[in-house]
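Only one structure is covered here, and it is reproduced in the block below.
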Amino acid sequence: MKFLITGHTGFKGSWLAMMLKVQGHEIVGISLPACENSLYTQAELKDVFNEEHFIDIRQRGNLREAVEASKVDFAFHLAAQPLVRQSYITPIETFETNVIGTLNFLDAIKDSDIKGSLVVTTDKVYKNMNHLRGYVESDELGGRDPYSASKAAADIATQSWISSQELENISIARAGNVVGGGDWATDRLIPNLVSSFIAQRPAQIRYPEAIRPWQHVLDCLSGYIRLSDAMLRSGIHGIWNFGPEIRIENTVGKVADAAALIWGNSASWDHDSSSHLHESGYLLLDSSKARAELEWKDFLNFESTIEWTLSFYSAVAGGENSRDLLENQVNTYLSMIAN
Ligand SMILES: NC(=O)c1ccc[n+]([C@@H]2O[C@H](COP(=O)([O-])OP(=O)(O)OC[C@H]3O[C@@H](n4cnc5c(N)ncnc54)[C@H](O)[C@@H]3O)[C@@H](O)[C@H]2O)c1
């Protein structure tokens, strides 16, 4: 099978590519060039791809040409500006990439022979009511910060595209905060913790009481792959949440405690109580639909998720090769879910 990944140089794209490669598939990537401190660069993933196109998805003509040339069976659309704080700095670019880029992607696949595609949005598309229950797929969408609003807009635009064009081969996946080795995005909890631990200074944590659906990136991506299988095999399509079992005790502070404990070497964190941009207090996902209809489940619980993630960073800091670590964790995970 031949897959397209937009956003293949990103964090999720790199892990997804390795999962598909290990499963014996061909992969085409479309992205902006990789950042120096990305997993794609550090793990030297270039050879994982049969073809790569370094283009901006805001350029409709270039994207269409690349998609037409790729002749894939299935596409995962992940390319996005995915950072909340960055979206306050560059809101227009965030909306352009996340909304227009997604529409350009949908337009590009329209006349191709593609059998199916999956548009990745996020748990942040839900209008945040600070519920202590998980959001379900039929809940109202919203978005206060530019990132959340742009992804909600991309989600609605995709739904409109599917219904107005009467398409039955496009689905939407909404997942939450994924963690895993090799993410170096400036805005995220684990990279912030690890950077501070390496520098041997206390990490500064903005909202230690905030609750998020922490999930290992492999569990999230196995949901995307399971959905793509189901779409290709039985033609199902729709909107799906992919989140971990709901545990409201899994706060940002608890992640930071667990990470510091695994890192050792007197790693610690402090609450940074200076004023910050708005972030929601509670954000939980109800993934009953994916569990029941796709028979998907997360294999790594909270403790294993933090353990797998921190052990990856710690091994890299100790001089181990990112590519080997990535391949090992993917192979271990795939054999775990096969049994
Ligand atoms: N990482 C998370 O915790 C998380 C949570 C929920 C949803 N998501 C969603 O998952 C997807 C992937 O996120 P990630 O964490 O891998 O992000 P990332 O920042 O690591 O990767 C983003 C990718 O998109 C590409 N990209 C960005 N702008 C582009 C443009 N204009 N043209 C072409 N390519 C462009 C980048 O080159 C990169 O390959 C995004 O859609 C994001 O919204 C991520």
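Flag set for Val48, criterion: closer than 27 Å to Val330 by Cβ, out of contact with any Leu (no Cβ under 8 Å at 6 or more places or on another chain) and surrounded by 17 or more Cβ atoms within 10 Å (Cβ to Cβ). Does any residue of segment 181-200 turn out to be in contact (Cβ under 8 Å) with a residue 40 or more places away in the chain, crowded, with 19+ Cβ neighbours inside 10 Å and at positive phi? Looking through segment 181-200, at least one residue is in contact (Cβ under 8 Å) with a residue 40 or more places away in the chain, crowded, with 19+ Cβ neighbours inside 10 Å and at positive phi.
Assessment of segment 311-326 against the conditions (crowded, with 17+ Cβ neighbours inside 10 Å, at pLDDT 95 or above, of a type outside the set (Gly, Ala, Ser) and within 17 Å of the chain's Cα centre (by Cα)) yields at least one matching residue. Within segment 128-147, the set of residues being surrounded by fewer than 24 Cβ atoms within 10 Å (Cβ to Cβ), more than 20 Å from Ala290 (Cβ to Cβ) and in contact (Cβ under 8 Å) with a residue 24 or more places away in the chain comprises Asn128, Asn130, Leu132, Arg144, Asp145, Pro146. The residue list Ser266, Ser335, Ser273 contains one member that is closer than 24 Å to Leu221 by Cβ and among the polar types (S, T, N, Q), which is Ser335. Looking only at segment 201-211, count how many residues are among the charged types (D, E, K, R) and either crowded, with 17+ Cβ neighbours inside 10 Å or touching a residue at least 24 places away in the same chain (Cβ under 8 Å) (or both). Within segment 201-211, residues that are among the charged types (D, E, K, R) and either crowded, with 17+ Cβ neighbours inside 10 Å or touching a residue at least 24 places away in the same chain (Cβ under 8 Å) (or both) number 2. Taken as a whole, the structure leaves Ala153 outside the set of residues that are farther than 30 Å from Val316 by Cα and either assigned to a loop (DSSP other than H, G, I, E, B) or in contact (Cβ under 8 Å) with a residue 60 or more places away in the chain (or both). The single condition from (1) closer than 20 Å to Thr9 by Cβ; (2) at pLDDT 95 or above; (3) more than 10 Å from the ligand (Cβ to nearest atom); (4) among the hydrophobic types (A, V, I, L, M, F, W, C) that Ile92 fails is (1).
Select from segment 55-89 the residues that are among the basic types (Lys, Arg) and assigned to a helix (DSSP H, G or I) and write down the one among them that is modelled with the lowest pLDDT. Across segment 55-89, the extreme among qualifying residues is Arg85.
The values are calculated or read from the model by the stated rules, or taken from the named source; none is laboratory data. Bear in mind the structure is a predicted one, so any value in this text is a computation, not a measurement. Glycine also receives a Cβ, built like all others from the backbone with ideal geometry; neighbour counts cover every protein chain displayed.
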